[in-house]
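**Q** Please see the structure below; I have some questions.
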């Protein structure tokens with residue numbers, strides 16, 4: 001299933017992704033509660049993107065994606081912020097997929113604790129406010145959620161949101177009921193591993209400008225921690241995914 005609503009011709013060129021040994025362009029800042037936050041992009045940019053990473057935390061692929069969004073296009077510049085919701089204790093790659101009872105227990109405890117979606121969503125407005133106070137030139141915000149973070153984006157794009165546009169890549173826990181309340185333009189890039197009917201139903205319920213597309217040959221997480229950028233096909237689709245995100249943000253911010 002592919003859809004092109006809200007998608008215009010790409011207006012910038014995403015740089016080639018680095019397969020191994022990526023060197024971040026940004027830095028880490030401190031937020032309240034002992035939370036670290038990766039930030040990248042020109043300090044004079046007045047539009048910011050708030051990234052909610054996946055359950056594996058600060059991966060090289062997610063950090064590189066943040067840098068791409070911040071630096072790919074000099075005519076549309078963004079400050080990008082990616083807080084460490086898990087306070088340095090993300091889920092271990094060894095626990096995924098949860099194919100044993102022990103792994104299932106650990107993953108269940110993780111989603112019921114530090115990765116609880118409604119509780120995490122409650123933290124987002126305050127974090128946006130805090131970052132905005134530290135970087136007072138920001139006038140407009142967008143959001144991006146990866147996997148687990150996609151659910152948080154859906155929950156924080158409802159009435160009263162502080163975001164002007166949102167995006168979800170290989171989103172987890174896709175719920176068409178969330179789509180009914182979304183009030184801002186939304187881009188969803190799904191993988192072959194998401195429930196296709198749920199994605200279609202989610203798209204159908206959206207009443208806002210949208211771009212919904214499924215990358216049928218990519219696994220859940222290809223634009224984040226599970227993306228094997230040494231594989232040329234994955235690398236190409238990783239780059240194309242970020243190109244689509246940039247194009248969407250350029251159009252709606």
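**Q** With each run of n ≥ 4 DSSP H residues scored as -39500 (n - 2.57), what mean residue ellipticity at 222 nm is computed for the chain after dividing by its residue count and rounding to the nearest 500 deg cm²/dmol?
**A** Numbers: 7 runs with 87 residues, N = 253.
Roughly -11000 deg cm²/dmol at 222 nm, from the helical runs in the chain.
**Q** Next question. Of all alpha-carbon pairs in region 23-107, indicate the percentage at a distance above 18 angstrom.
**A** Numbers: 1739 of 3570 pairs.
Here the tail beyond 18 Å accounts for 49 percent of pairs.
**Q** Now a separate question. Anyone know which of 37, 187, 147 comes out most mobile in the 10 Å Cα GNM of the chain?
**A** 37
**Q** Give me 99, 247 sorted ascending by neighbouring Cβ count inside 10 Å, so fewest comes first.
**A** Numbers: 99 9, 247 22.
By the 10 Å Cβ count, ascending: 99, 247.
**Q** Quick one: work out Rg over Rh on the C-alpha atoms of the chain, Rh as Kirkwood radius. List each step's numbers first, then the result.
**A** Numbers: Rg = 16.7 Å, Rh = 18.0 Å.
On the Cα set of the chain, Rg over Rh gives 0.93.
**Q** Which distance in Å, rounded to a whole number, links the C-alpha centroids of region 222-252 and region 146-185?
**A** Spelled out, the Cα-based centre of one part sits 19 Å from the other.
**Q** While we're here: What are the extents of the Cα atoms of region 48-173 along their three principal axes, listed from largest to smallest and rounded to whole Å?
**A** 49, 30, 23
**Q** What list do you get for 146, 188 if you sort them by fewest beta carbons within 10 Å?
**A** Numbers: 146 30, 188 27.
With the sparsest Cβ surroundings first, the list reads 188, 146.
**Q** Follow-up question, since we're still on this one. Please work out whether region 100-220 counts as rounded, prolate or oblate from its C-alpha gyration tensor, where a ≥ b ≥ c are the square roots of the eigenvalues and a/c under 1.5 means rounded, while otherwise a/b larger than b/c means prolate and anything else oblate?
**A** Working: a/c = 1.97, a/b = 1.19, b/c = 1.66.
It is oblate, given that a/c is not under 1.5 and a/b is not larger than b/c.
Values in this text are rule-based calculations from the coordinates and carry no lab data. Everything numeric in this text was worked out from a predicted model, so none of it was measured. Every residue, glycine as well, gets a Cβ built from its backbone with ideal geometry; the counts of neighbours run over all protein chains shown.
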